[in-house]
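Have a look at the structure below before the remarks.
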Amino acid sequence: MRKEKNLLRLNKKAVSIMVGYVLLIAIAVSLSTAVFFYLKLYLPDERPECEVDIQLTIDSVKCVWNDATIPTYVNIDLNMTNRGLFNVEGAFIKIGDYNRVYRTDLNPPNDPTNIISICNGASGVLKPGEKFCGDYTYSPVPTVSQEISVQPVVWIDNKPVLCPNAVVTKTIVCMAP
């Protein structure tokens, strides 16, 4: 008889431990679900994206050495055209070694909207069909092929939006005179 009572007591302890684990897991899952939905309220639902028909093309790029005996920089002359259907308010223009991820900014990185040139009538917007001509200095003097990349920037809802699908690149070789 005593053995039976001891066995029943042991079985009850095992059941209560299992119930405790199940309750603990249920509480953890419900708390994590509640935190997820609470934080989801604070995230924006949609991110603005560029239009598909934004397209810049690099017409020509020249690398011009300065006239010093030991050159310390080169001039990069860039001509590009907006061949898309929408206005482009800015661009990140970068240069770096061919097939490298990291590149140096040619235009001021804190103001990518600086695409004002005499080619587009000194307006801050590159309209469809308009040309842009820019002259930048680049230091140090490159020793291998360089690659120019241009990433358009448009303004949507008063916020700048990068266009990662519209990046254009062109390889240039800076040859010593």
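The values are calculated or read from the model by the stated rules, or taken from the named source; none is laboratory data. A quick note: this is a predicted structure, and the numbers were derived from the prediction, not measured. A quick note on method: Cβ atoms are made from the backbone with ideal geometry, for glycine too, and the neighbour counts reach across all protein chains shown.
Considering Asn107, Asn120, the condition of being at pLDDT 75 or above, of a type outside the set (A, V, I, L, M, F, W, C) and over 30 Å from Pro44 (Cα atoms) is satisfied by Asn107 alone.
Inspect region 81-96 for any residue being among the basic types (Lys, Arg), farther than 19 Å from Asp135 by Cβ and either at pLDDT below 85 or loosely packed, with under 10 Cβ neighbours inside 10 Å (or both) and give the result as yes or no. Scanning region 81-96, I find no residue that is among the basic types (Lys, Arg), farther than 19 Å from Asp135 by Cβ and either at pLDDT below 85 or loosely packed, with under 10 Cβ neighbours inside 10 Å (or both), so the answer is no.
Each residue in region 167-177 was checked for being within 15 Å of Val64 (Cα to Cα) and part of a strand (DSSP E or B), and 2 of them qualify. Of the residues examined, Tyr38 is one that is modelled with pLDDT of 85 or more, surrounded by fewer than 10 Cβ atoms within 10 Å (Cβ to Cβ) and either hydroxyl-bearing (Ser, Thr, Tyr) or touching a Cys at 6+ places or on another chain (Cβ under 6 Å) (or both). Before we move on, is Pro164 under 24 Å from Asp53 (Cα atoms), surrounded by fewer than 18 Cβ atoms within 10 Å (Cβ to Cβ) and at pLDDT 80 or above? Yes, satisfied. Within region 135-166, being in contact with a Cys (Cβ under 8 Å, 6 or more places away or on another chain) and in a loop (DSSP other than H, G, I, E, B) holds for Val141, Pro142, Cys163.
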